[in-house]
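The values are calculated or read from the model by the stated rules, or taken from the named source; none is laboratory data. Just so it is clear, the structure is predicted and the values come from calculations on it, not from any experiment. Note that we place each Cβ from the backbone using ideal geometry, even for glycine, and neighbour counts take in every protein chain shown. Note: areas computed on protein heavy atoms with side chains; ligands, DNA, RNA excluded. Shrake-Rupley method; radii C 1.70, N 1.55, O 1.52, S 1.80 Å.
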Amino acid sequence: MGLEMEAGDYKYGIVWMDWQHGDLIREFNALHEACEEGVCTMAVMKSSRTLERYVDDHFGLEESYMQKYGYPDFKRHQREHLTFRQKFKEFRETGLDGEKKVGSDLLWLLMDWIIKHIMATDRDLAKFLARKGVK
Ligand SMILES: [Fe+2]
């Protein structure tokens with residue numbers, strides 16, 4: 001249906017970041033595929049658990065690198081992480097009924113995140129870290 005994303009499209013040369021972004025994009029694709037096949041509920045439950053862990057690990061790591069290297073845009077970047085955490089928390093608290101809607105709500109949340117954060121905010125961070133010699 002044209003929604004699938006290629007993990008390779010979002011590689012910025014920072015190995016751990018590319019790796020973790022790849023995990024998120026694979027999770028997005030798997031969820032999308034499951035919803036197309038009509039097994040959204042199960043996939044959403046599984047994805048929610050995976051994402052909960054992912055958000056802690058991934059945001060935590062990015063934030064520790066930003067602090068370590070004195071990233072000038074740290075506050076704005078961290079605010080975007082907080083906003084996503086909040087939206088995801090709301091989704092988990094209120095969104096988990098109604099099979100079709102749940103799947104599309106989570107897919108839209110992730111899609112929005114991939115486009116607005118990973119492809120923009122994280123790209124800027126990756127460029128900064130690359131200049132600092134981080135791999
Ligand atoms: Fe980020």
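Before moving on, here are some points about what is shown:
- In plain terms, the chain from residue 45 to residue 135 could stretch by 29.1 nm, reckoned as 0.36 nm per residue minus the Cα-Cα distance.
- Radius, Kirkwood style, for the stretch 14-131 when every pair of distinct Cα atoms is counted (Å): 14.9 Å
- Selection from 39, 67, 118 lying farthest towards where the dipole of the stretch 14-131 points positive, charges on Cβ: 67
- For residue 89, the lysines whose Cα comes closer than 29 Å to its Cα, not counting residues fewer than 8 places off in the same chain, are 11, 46, 68, 75, 100, 101, 116.
- Solvent-accessible area, 1.4 Å probe, carbon plus sulfur percent, for the stretch 2-135: 54 percent
- Among 24, 109, 129 - extreme Cα towards positive end, dipole of the stretch 14-131, charges at beta-carbon: 129
- Simple Cβ-charge dipole of the chain, Lys/Arg +1 and Asp/Glu -1, about Cα centre, in debye nearest 20: 700 debye
- Normalised per residue, the accessible area of the chain is 58 Å², obtained with a 1.4 Å probe and no contribution from ligands, DNA or RNA.
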